[in-house]
Amino acid sequence: MNNIEIIEFEDRYHEDFRQLNLTWLDKYHLRENHDMLILDNPHKYVLDSGGVIYLVRIGDEIVGTLGLMKTAEGEYELIKMAVSEKWQGRGISKILMDKCMETARAWKAKKISLFSNSQLQRAIKIYEKYGFRHAPVVDAPMKTADVRMELTLS
C-alpha cells in the first residue's frame, strides 16, 4: 500500500465522508438522526467546536474516516470510524486510530469516549487494543448505542 495519506476533512471530501459512514450504518441498520446531523453538517457539529475529522486517501480515493468531536474541555468523543469494504483488513483503522490518539495527546486531552453498537465487534476489538474500557451506557446520543467505552489519558 503506497501513497497512503492522512488528510484533514475538506468540503470537497464531504460526500466521501458521508458515504463511507452511511455504508456501514445502513449495513447494520444503525442510521439515526444524530448520525445524519454529523454527516450532513460536519463543520457545525465537529469542526467548528474544536474537533477534527481525518481521512485516509490512497491515490484519488478516500478509503477511511475517523474523527474527534470535542464534548467538554479536555474531553473528546471518537466518531465515525469507517473504512471502505475493499480496504478493510489492511490496517487503515490502525492508521486512523494512531493519528487520532496522537492528536488527542497533542491537545492534552484527558479523556476520550465513544459510543458503538455490539454488532460492531471488529471495531470494539480495535478500541480495546488501544486501551479503551467498557463503561456504563449513559447519555447515548443514539438509541442503538448499546456500547460505551472510555480511555483516560494522562
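The values are calculated or read from the model by the stated rules, or taken from the named source; none is laboratory data. Worth saying up front: this structure is predicted, and the values here are computed from it rather than measured. A quick note on method: Cβ atoms are made from the backbone with ideal geometry, for glycine too, and the neighbour counts reach across all protein chains shown. Remember, those area values only see protein heavy atoms, side chains included, never the ligands or the DNA or RNA. Shrake-Rupley method; radii C 1.70, N 1.55, O 1.52, S 1.80 Å.
Taken over the range 114-126, the criterion of being open to solvent by 20 Å² or more (accessible area, probe 1.4 Å) and either more than 17 Å from Q88 (Cβ to Cβ) or not in a helix (DSSP H, G or I) (or both) is satisfied by F115, S118, Q119, L120.
Is it true that Y54 is of a type in the set (F, W, Y) and in contact with a helix residue (DSSP H, G or I) (Cβ under 9 Å, 6 or more places away or on another chain)? Criteria met by Y54.
Starting from residues that are among the aliphatic types (A, V, I, L, M) and open to solvent by less than 70 Å² (accessible area, probe 1.4 Å), keep the ones in the range 7-40 and report whichever is nearest to V63 (Cα to Cα). Outline the logic, then answer.
Filtering the range 7-40 for residues among the aliphatic types (A, V, I, L, M) gives 7, 20, 22, 25, 30, 36-39.
If we keep only those that are open to solvent by less than 70 Å² (accessible area, probe 1.4 Å) too, we end up with 7, 20, 22, 25, 30, 36, 38-39.
Details: I7: 11, L20: 8, L22: 13, L25: 16, L30: 20, M36: 20, I38: 19, L39: 16 Å.
Per the criteria, the residue is L20.
Restricting attention to the range 44-60, the residues being in contact (Cβ under 8 Å) with a residue 24 or more places away in the chain and open to solvent by 50 Å² or more (accessible area, probe 1.4 Å) number 1.
Of all residues in the range 27-44, those that are in a helix (DSSP H, G or I) and either within 18 Å of W87 (Cα to Cα) or of a type in the set (K, R) (or both) total 2. Count of the range 131-152 residues, restricted to those that are of a type in the set (D, E), under 17 Å from the mean Cα position of the chain (by Cα) and in a loop (DSSP other than H, G, I, E, B), is 1. Of the residues making up the range 89-113, those that are of a type outside the set (A, V, I, L, M, F, W, C), closer than 21 Å to S154 by Cα and part of a loop (DSSP other than H, G, I, E, B) number 2.
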